[in-house]
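Everything on this sheet refers to the single structure shown next.
Read-outs throughout are calculated quantities, based only on the coordinates presented, and are distinct from any laboratory measurement. In this text, all values refer to a predicted model and were calculated from it rather than measured experimentally. All Cβ positions, glycine included, derive from the backbone under ideal geometry; neighbour counts span all protein chains shown.
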2 protein chains.
Amino acid sequence: MPLEIERKFLLDGFTPPPGAHAQPIEQGYIAITPDGTEVRLRSIDGAYVLGVKRGTGSLARTEVECPLSRAEFEELWPATAAARLVKTRYTVPLDTAVASVDVYAESLAGLCTAEVEFPSLEAAERFAPPSWFGPEVTGAKPYKNRTLATEGRPPQPGL
Amino acid sequence: MPLEIERKFLLDGFTPPPGAHAQPIEQGYIAITPDGTEVRLRSIDGAYVLGVKRGTGSLARTEVECPLSRAEFEELWPATAAARLVKTRYTVPLDTAVASVDVYAESLAGLCTAEVEFPSLEAAERFAPPSWFGPEVTGAKPYKNRTLATEGRPPQPGL
């Protein structure tokens, strides 16, 4: 199963390049346990997914994802009432990697982040962020999606 | 998706009929949320399942189940450390329904229950339990699997 190795950066706004692929994402958390396990529902571009993430490490986490039918998603969605967020994801090719740029909406409007996933820890450490990336927030709790969903946008940009 | 309509009874012990199908079950809870949602991992007879149950009603609950690979199950299993149970399930045909008899093991040894699932609330209400069924515990919190997994066997049989 996938072991996620990724780094995350703040962006000072984002103008999608022409023809950029935009995916509307709505996600909510059924549970966030004291040991850092997240149980998440996500609707992305008309697909529905139940995901479980374990691990509190900053760079590498394990994740299991199960596709749901729309009816299953709608049955479970009310269980996420206290922890939801809405964003649009743009997939942006970089020189040596691909960035997932998230433009948040509703109560998180104004927040933009870029996540880059890597095949190895070495590749993650070697990565040189492009100039339009802002401060790195890899592993920073206030910028985790689960924190954004439950506590809203941090008062100050950066760490 | 399945809407579970079931009734549950205590048994004063259980001797499996010859040739009864026995399924070893190991299950653990990743999360049990304040609104009654359960996120459960189950290994049953060599199959691995992630399940989410919503609803705190006694008779009817909604449930979503996703098959996992063994590797996925083993990755997530540590997240259930605080809430696990082990039992053997026997499938026993009755006159008008089928009972799932659970014989609990390890710290719950000595506990036996029978659950019967119904196609409708009417069928559930019409059901006449056979004489070898003990007190009904449908909806009784001490006999829910999640309670048994976290708090152990209730001190007294019955409600």
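List of remarks:
- Taking the square roots of five times each eigenvalue of the Cα gyration tensor of segment A:96-152, the equivalent ellipsoid has semi-axes of 23, 13, 9 Å, listed largest first.
- Pair B:THR150, B:ARG70: separation of 7 Å Cα→Cβ label points (nm): 3.1 nm
- Spin-label pair B:SER107/A:ALA81, simplified geometry with 7 Å Cα→Cβ offset, distance in nm: 3.2 nm
- Shown is the FRET efficiency for B:THR138 and B:THR91, computed with R0 = 25 Å from the Cβ-Cβ distance and rounded to the nearest 0.05: 0.85.
- Options A:LEU148, A:LEU11, A:CYS66, ranked by Cα towards positive dipole end of chain A, top entry (Cβ charges): A:LEU148
- Principal axis box of the protein assembly as shown, alpha-carbon based, largest edge first, Å: 76, 38, 32
- Non-local lysine pairs in the protein assembly as shown, meaning eight or more places apart or on different chains, with alpha-carbon distances under 21 Å, amount to 19.
- Principal axis analysis of the Cα atoms in segment B:3-151 yields extents of 43, 35, 27 Å, listed in decreasing size.
- Peptide B:22-32 has a mean of 2 when you count, residue by residue, the C-beta atoms of other protein chains within 10 Å of its C-beta.
- Relative to the Cα centre, the charge distribution of segment A:23-144, modelled as +1 at Lys and Arg Cβ and -1 at Asp and Glu Cβ, gives a dipole magnitude of about 220 debye.
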